[in-house]
Amino acid sequence: MNEPIVNLMLALEHGLTEDEYNKVLEKLGRVPTFTELGIISVMWSEHASYKNSIKYIKTLPKDSPAMLSKAGEENAGVIDIGDNQAICFKIESHNHPSAKEPFHGAATGVGGILRDIFTMGARPICALNSLRFGDISDPEVKRLMKGVVEGIGHYGNCFGVPTVGGEIYFEDAYRGNPLVNAMAVGLLEHKNLMSAKAAGFGNFVVYVGAKTGRDGIHGTTFASEELNDESEGQKSAVQVGDPYTEKLLMEATLEVIEKKLVVGLQDMGAAGLTCSSSEMSAKAETGIEIDTALVPQREKNMSAYEILLSESQERMLLVVTPDNFNAVKDIFEKWDLNIAKIGFVTDDKIFRVRHNGVIKSEIPANFLVLGGEAPVYDREVKIPAYFEKTRNYDQASTLKPDNYNFILKQLLGIPNIASKKAIYSQYDYMIQTNTLIEPGGDAALIRIKNLKDNSSVNNSKTKAIAVSVDCNGRYCFLDPYEGAKGAVAESARNVLCTGAKPIAITNNLNFGNPYKPEVYWTFVEVIRGIKDACEMFGTPVTGGNVSFYNERVTKDSNHTPAVATSIYPTPTIGMLGVLDDISKAITTDFKNEGDIIYLLGENCNEIGGSEYQKLILKKTMGMPPIVDLRKELLLQQTFLELVNKKIIKSAHDCSDGGLAVALFEKCLKKDQGLLGCQIDYEMIHRADFELFGESHARIAISLHPNNEKDFIEMCKNNEQPFQRLGIVTNNRFIVKSFIDIELSELRFIYENAIL
């Protein structure tokens, strides 16, 4: 391969700025080679370096007595759950690849996040996803959604991990730039916690897994720029995955970890071999020397540049002592996987690359990586101009509905509210047989067992974890600070509604172009909101992902560039909770006729950003629901006390569609039966605002009449607001004189809106 001459123009084409290129010249004292330019361009891309976000991400709370691996230190966060066990979990985006190749983009997003989990020594026990698309009536949106859902289902089902929960929203803001955020959760024993460090001078650097091809080259830089019409030519940047190979890779990896045969390991995800090798050496403050010609390849005549930048899937990098290499080799060959010694650990802190012995790159490892000498920026901020219009909206001007029955039916038919069974039924959510609460509830609940023999860890009780992903992009559009607080609060409530205590989060921060001051302002405000909420709840941020440049650029009829349109700020929150005894688990649905329905919390007079408002006005206006973090914390504390006393029989968070929708969803029993309700409480605000507003800090519960006295006493002792709503009945959904509908009619609308 005749390598091009490296100059400023070529550096700009690789995504570097002029200042960054000059920094490279100064550091190296020479013009970089073409291979070095490729290495630096991917490592300094937004996707790998977090150069426009790391300053603010560092302000998020990361400390907790339960934290075994802090944010940014390893591939994923690790939380102690007792009994010498820990949970490893993380969420990441695969937005741009999914926009170009929805099936493969989503599938490899799942594969990548699963590798992050078992790289840490954890066996994946469940997966979730958070998806955003444009208007579902658009044929192109349907095509994208179909491909993404099939890709997620294919990879998870074949790999053998249950996909147990998630969320999906349809908004015009995501047209042309869908969001595909994949989350995975793993279980490990403390003794098997693995680090991604290249320690030990002279230790072997070992490549394992699938062979390297040209797929995914520049995938990292592709994820660090806006989508436009030219992006159609970048489909080669989308990787192709093989879940069956990944399953073998997981088993082999966990075996060598269990047998203490490896010093460190890291998966080859974004930026491939370049990222894994340079990051592992920088973390250990060592150097690495590799020869790319030794890498197993599935295509002929690949250059060092191509091998280093390839993002082919199902590959890992190991650091192994010489005396353990043969044992490691035997295990990976037993699992029918490629293994090759491609280099060794050095003591000079240089990331050195050869190809057939010829030096192609010599760069200080620390110069390349996040936390080292990679650039860090703080961009200009500006409050968006649209705030003047949205915040001046007077919600009192909203006309009162004449027919509440009609409004409820319309709300239940909105894709954002309607049943997602047509989607999650394509996922195998019962594999591994530990799923206690299936998709469709507030959060998934997963039984925790002994990893060796699948038995209960503690003979007296079996514990579980609850997991949920949540974000309302509309709220963040209207007020990113309140919206971000709301995302954390809602994810905590959803986990809470299973009976579990929220203990930690991971996040996937999706935004437009950070060079736009209005976009960067929303990012900064979102970070502030997450920080305040997590500090109040005691839920540290264990790690996550930032995805900028989520914009769609199109051309008008004269083929001139149009203004790029940003997505809504979308900070997806993945919440982890722990339930110490599954006998205390709670589900959403009503249990028996005659049970009493209560609201924990207060209805507020606010409809900004709600589905009801969008239905009536056809646009999003006003302020989103305000989050009182102290009320949220009080709600959590009171609810957990009620759970421990086994007073509550069902619980459901009030969010999209408001109280009326939450109560209807509680009427749907798991066995496809129906229990109705008769609601007759005294309203303080406008009926439509109380029934369809989406105020925070509210949970609709039901309890047996015998427990009513204890419930009231406990709430009063805690100064927790509560209100008696009505009773559980049969067949009909009745709310005072406003709503009276046969439940079977509502269920038909709810379950058939998304097909």
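Here are the numbers for the structure shown:
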item: From VAL328, VAL358, VAL376, VAL369, residue being at pLDDT below 95, of a type in the set (A, V, I, L, M, F, W, C) and surrounded by fewer than 24 Cβ atoms within 10 Å (Cβ to Cβ); result: VAL369
item: Residues satisfying the stated conditions in the stretch 576-594, i.e. open to solvent by less than 30 Å² (accessible area, probe 1.4 Å), part of a loop (DSSP other than H, G, I, E, B) and closer than 16 Å to GLY165 by Cβ; result: ILE586, THR588
item: Residue in the stretch 11-46 that is surrounded by the fewest Cβ atoms within 10 Å (Cβ to Cβ), counting only those that are of a type in the set (Phe, Trp, Tyr) and in contact (Cβ under 8 Å) with a residue 24 or more places away in the chain; result: PHE34
item: Some residue of the stretch 129-151 being open to solvent by less than 10 Å² (accessible area, probe 1.4 Å), modelled with pLDDT of 95 or more, part of a strand (DSSP E or B) and over 29 Å from ILE505 (Cβ atoms); result: no
item: Near pairs, Cβ below 6 angstrom, 6+ apart or cross-chain, from the stretch 717-739 (over 18 Å from GLU665 (Cα atoms)) to any residue that is open to solvent by 80 Å² or more (accessible area, probe 1.4 Å) and assigned to a strand (DSSP E or B); result: none
item: Residues located in the stretch 635-667, provided they are aliphatic (A, V, I, L, M) and farther than 17 Å from THR498 by Cα; result: LEU659, ALA660, VAL661
item: SER425 open to solvent by 40 Å² or more (accessible area, probe 1.4 Å) and over 27 Å from the mean Cα position of the chain (by Cα); result: no
item: Every residue from the stretch 687-728 that is buried (at least 17 other Cβ atoms within 10 Å of the Cβ), out of contact with any Phe, Trp or Tyr (no Cβ under 8 Å at 6 or more places or on another chain) and either part of a strand (DSSP E or B) or among the basic types (Lys, Arg) (or both); result: ARG698, ILE727
item: Residue match in the stretch 498-505 (condition: open to solvent by 10 Å² or more (accessible area, probe 1.4 Å), closer than 20 Å to LEU633 by Cβ, at pLDDT 95 or above and not aromatic (Phe, Trp, Tyr)); result: yes
item: Residue selected from the stretch 733-755 under the condition in a loop (DSSP other than H, G, I, E, B) and either among the hydroxyl-bearing types (Ser, Thr, Tyr) or over 34 Å from the mean Cα position of the chain (by Cα) (or both), by the criterion farthest from ALA660 (Cα to Cα); result: SER737
item: Every residue from the stretch 670-709 that is modelled with pLDDT of 95 or more and of a type in the set (Lys, Arg); result: ARG686, ARG698, LYS709
item: Selected residue (criterion: nearest to LYS614 (Cα to Cα)) from residues of the stretch 164-209 that are among the charged types (D, E, K, R) and part of a strand (DSSP E or B); result: GLU167
item: Residue within the stretch 195-212 that is under 27 Å from PHE548 (Cα atoms) and surrounded by fewer than 24 Cβ atoms within 10 Å (Cβ to Cβ) present; result: yes
item: Which numbered condition TYR50 misses (of (1) out of contact with any helix residue (DSSP H, G or I) (no Cβ under 7 Å at 6 or more places or on another chain); (2) at positive phi); result: (1)
item: Enumeration of residues in the stretch 579-597 that are under 13 Å from ALA464 (Cβ atoms) and among the charged types (D, E, K, R); result: ASP580, ASP581, LYS584
item: Residue match in the stretch 200-213 (condition: touching a Cys at 6+ places or on another chain (Cβ under 7 Å), at pLDDT 95 or above and among the hydrophobic types (A, V, I, L, M, F, W, C)); result: no
item: Per-region count, the stretch 706-732, residues farther than 16 Å from GLU682 by Cβ and more than 35 Å from the chain's Cα centre (by Cα); result: 16
item: When residues of the stretch 502-544 are limited to those that are in contact with a Lys or Arg (Cβ under 8 Å, 6 or more places away or on another chain) and β-branched (Val, Ile, Thr), the one farthest from CYS476 (Cα to Cα); result: THR542
item: Number of positions in the stretch 379-389 that are exposed (fewer than 11 other Cβ atoms within 10 Å of the Cβ) and closer than 21 Å to GLU46 by Cα; result: 0
item: Helices (runs of 4 or more DSSP H) enclosed by the stretch 38-125 - at least 3 residues per element that are of a type in the set (A, V, I, L, M); result: 102-118
item: Any hit, the stretch 18-33, residues being in contact with a Ser or Thr (Cβ under 7 Å, 6 or more places away or on another chain) and either within 16 Å of TYR305 (Cα to Cα) or not basic (Lys, Arg) (or both); result: yes
item: Test for ASN494: is it outside any helix (DSSP H, G or I) and at pLDDT 95 or above; result: no
item: Qualifying residues in the stretch 613-666 (those that are in a loop (DSSP other than H, G, I, E, B) and at positive phi) - the one most open to solvent (accessible area, probe 1.4 Å); result: LYS618
item: Enumeration of residues in the stretch 297-325 that are open to solvent by 20 Å² or more (accessible area, probe 1.4 Å) and not in a strand (DSSP E or B); result: ARG298, GLU299, LYS300, ASN301, GLU306, THR321, PRO322, ASP323, ASN324, PHE325
item: Cross-chain or 6+ apart pairs with Cβ under 9 Å, the stretch 398-415 first and farther than 17 Å from LEU755 by Cβ, then of a type in the set (Lys, Arg); result: THR398/ARG686; LYS400/ARG686
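So that you can scan it fast, the table gives a plain yes or no per residue for (1) within 22 Å of THR245 (Cα to Cα); (2) without any contact (Cβ under 8 Å) to a residue 40 or more places away in the chain; (3) among the hydrophobic types (A, V, I, L, M, F, W, C):
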{"site": "THR274", "(1), (2), (3)": "yes, no, no"}
{"site": "ALA282", "(1), (2), (3)": "no, no, yes"}
{"site": "GLY287", "(1), (2), (3)": "no, no, no"}
{"site": "LEU294", "(1), (2), (3)": "yes, no, yes"}
{"site": "ARG298", "(1), (2), (3)": "yes, no, no"}
{"site": "LEU309", "(1), (2), (3)": "yes, no, yes"}
{"site": "SER312", "(1), (2), (3)": "yes, no, no"}
{"site": "PHE325", "(1), (2), (3)": "yes, no, yes"}
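Conditions (1) at negative phi; (2) modelled with pLDDT of 95 or more; (3) of a type outside the set (Gly, Ala, Ser); (4) touching a His at 6+ places or on another chain (Cβ under 7 Å), marked per residue:
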| site | (1), (2), (3), (4) |
| --- | --- |
| MET575 | yes, yes, yes, no |
| THR588 | yes, yes, yes, yes |
| LEU600 | yes, yes, yes, no |
| ASN605 | yes, no, yes, yes |
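The values are calculated or read from the model by the stated rules, or taken from the named source; none is laboratory data. Worth saying up front: this structure is predicted, and the values here are computed from it rather than measured. Cβ coordinates were reconstructed from backbone atoms using ideal geometry, including for glycine residues, and neighbour counts include every protein chain displayed. All accessible areas refer to the heavy atoms of the entire protein, side chains included, with ligands and DNA or RNA removed. Shrake-Rupley method; radii C 1.70, N 1.55, O 1.52, S 1.80 Å.
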